[in-house]
Amino acid sequence: MKHFGGVEPHTNETFRLLKQLNLHLEQEWRFQPREKGLTLIESTSENDHTICPRLRNSKVEDLWTLTHFFGFETETFVLAINILDRFLALMKVKPKHLSCIGVCCFQLAARVIEQECNIPSIHDIIRISQCKCTESDMKRMEKIISEKLHFDFKATTALTFLHLYHTIVCHTSERKEILNIDKLEAQLKACNCRLVFSKAKPSVLALCLLSLEVETLKSNELFEIALHVQKHSKINDMDMLYWRELVSQCLADYSSAECCKPDHRKLVWIVSKRTAQSLHTSYYSVPELPTIPETGSLNECESEDSCEDMSCGEESLSSSPPSDLEASFCFDSFKPKLKRRAHYLKSEM
């Protein structure tokens, strides 16, 4: 290949990108779920006592919601789905265990991608996800998943190629601002919610998303670069046409109003009537404390009186700070005392 989209491949940056692309192309097969296992899941009916496509896709949407709730990277979500599919393609899983497995895959992916300070505790993730398992269940399931996947979690995914392809296009093309990586990531997440795309090579799936976006932009320059990328990645036209059609249909369905998308609204805590009544009672049982007045305009005698007023609330240290309205009311309560003290001092003089 003499030219790569008009840029000489011997330049340092282009050479580095192509070398990185070749490395990921060599490794991608290691992190693909077993096609036989995925086909078995696809052929499973919902009445069987094992995982069917609907249950798997529903769990992926739950993980998408968790990713959004914790503010994690898209890479965490994509890696969690990769770990989940690789495990499901290896093991025969009962539906009752899927919730625990999904949360464990999410936790394992977060440990690889996210900063340690941002990773929730097992207790918190159980409480937020409502997966109905214990901490010991999660630890035991994490051990099983880790052993079955040989602790190999730093996978090459479709997002890896999507970012790499996007970098190559931006480096090669003069129109760097056109391709929106956030939009491409959102489209990839939509594809991940369907089991069928776990059977596609990550490089092919990423290139399909890129080529469809280039087709939408109607840019001959970007189209030429995409063809060069396809040729360099040794992706044949038959595979591209097959998966492009599926991706295009998926994105069209996902954009329709009839499609049920993951819910990104804020979580609402649902409590029982008994708990609600207990919370309601305890809220009104907390005594209000008067606000400490500004000491700048008060003398030592007034400060001592203020401390005497505050002593009435020493037994209830758990009360919350009053509002601004309460603060002004409490501060006004000191004014009559100041007037009385001023009158007393005048009478003595």
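The values are calculated or read from the model by the stated rules, or taken from the named source; none is laboratory data. These figures come from a predicted structure and were not determined experimentally. Note that we place each Cβ from the backbone using ideal geometry, even for glycine, and neighbour counts take in every protein chain shown. To get the accessible areas, we keep the full protein, side chains included, count just its heavy atoms, and leave off ligands, DNA and RNA. Shrake-Rupley method; radii C 1.70, N 1.55, O 1.52, S 1.80 Å.
Could we say that PHE87 is open to solvent by 10 Å² or more (accessible area, probe 1.4 Å), over 19 Å from LEU188 (Cβ atoms) and of a type in the set (Phe, Trp, Tyr) here?
Details: open to solvent by 10 Å² or more (accessible area, probe 1.4 Å): no; over 19 Å from LEU188 (Cβ atoms): yes; of a type in the set (Phe, Trp, Tyr): yes.
No; evaluated as a whole, the condition is false for this residue.
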From (1) at pLDDT below 95; (2) hydroxyl-bearing (Ser, Thr, Tyr); (3) surrounded by fewer than 18 Cβ atoms within 10 Å (Cβ to Cβ), pick out the condition that doesn't hold for SER146. (1)
Single residue of ALA226, ALA206 found to be closer than 30 Å to VAL103 by Cα and not acidic (Asp, Glu): ALA206
So, of the residues in segment 34-66 that are under 24 Å from ALA186 (Cα atoms) and among the β-branched types (Val, Ile, Thr), which turns out to be most open to solvent (accessible area, probe 1.4 Å)? THR65
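Report yes if ILE101 is closer than 17 Å to LEU79 by Cα, in contact with a Phe, Trp or Tyr (Cβ under 8 Å, 6 or more places away or on another chain), open to solvent by less than 30 Å² (accessible area, probe 1.4 Å) and at pLDDT 95 or above, otherwise no. First the steps, then the outcome.
On the way: closer than 17 Å to LEU79 by Cα: yes; in contact with a Phe, Trp or Tyr (Cβ under 8 Å, 6 or more places away or on another chain): yes; open to solvent by less than 30 Å² (accessible area, probe 1.4 Å): yes; at pLDDT 95 or above: yes.
Yes.
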May I ask you to list the residues in segment 155-178 that are assigned to a loop (DSSP other than H, G, I, E, B) and out of contact with any Phe, Trp or Tyr (no Cβ under 9 Å at 6 or more places or on another chain)? SER173, GLU174, ARG175, LYS176, GLU177, ILE178
Here is a check on your reading of the model: is LYS92 open to solvent by 10 Å² or more (accessible area, probe 1.4 Å), of a type in the set (Lys, Arg), modelled with pLDDT of 95 or more and in contact with a Leu (Cβ under 9 Å, 6 or more places away or on another chain)? no
Looking at (1) in a helix (DSSP H, G or I); (2) among the hydrophobic types (A, V, I, L, M, F, W, C); (3) open to solvent by less than 70 Å² (accessible area, probe 1.4 Å), can you tell me which one PHE69 breaks? (3)
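With the requirement that a residue be part of a loop (DSSP other than H, G, I, E, B), of a type in the set (Asp, Glu) and more than 23 Å from LEU90 (Cα to Cα), what does segment 106-154 give you? Even if it seems obvious, please write down each step before you answer.
Taking segment 106-154 first, the residues part of a loop (DSSP other than H, G, I, E, B) are 114-115, 119-121, 130-134, 149-154.
Remaining after also requiring of a type in the set (Asp, Glu): 114, 152.
Once the filter is applied, which keeps residues that are part of a loop (DSSP other than H, G, I, E, B), of a type in the set (Asp, Glu) and more than 23 Å from LEU90 (Cα to Cα), segment 106-154 yields only GLU114.
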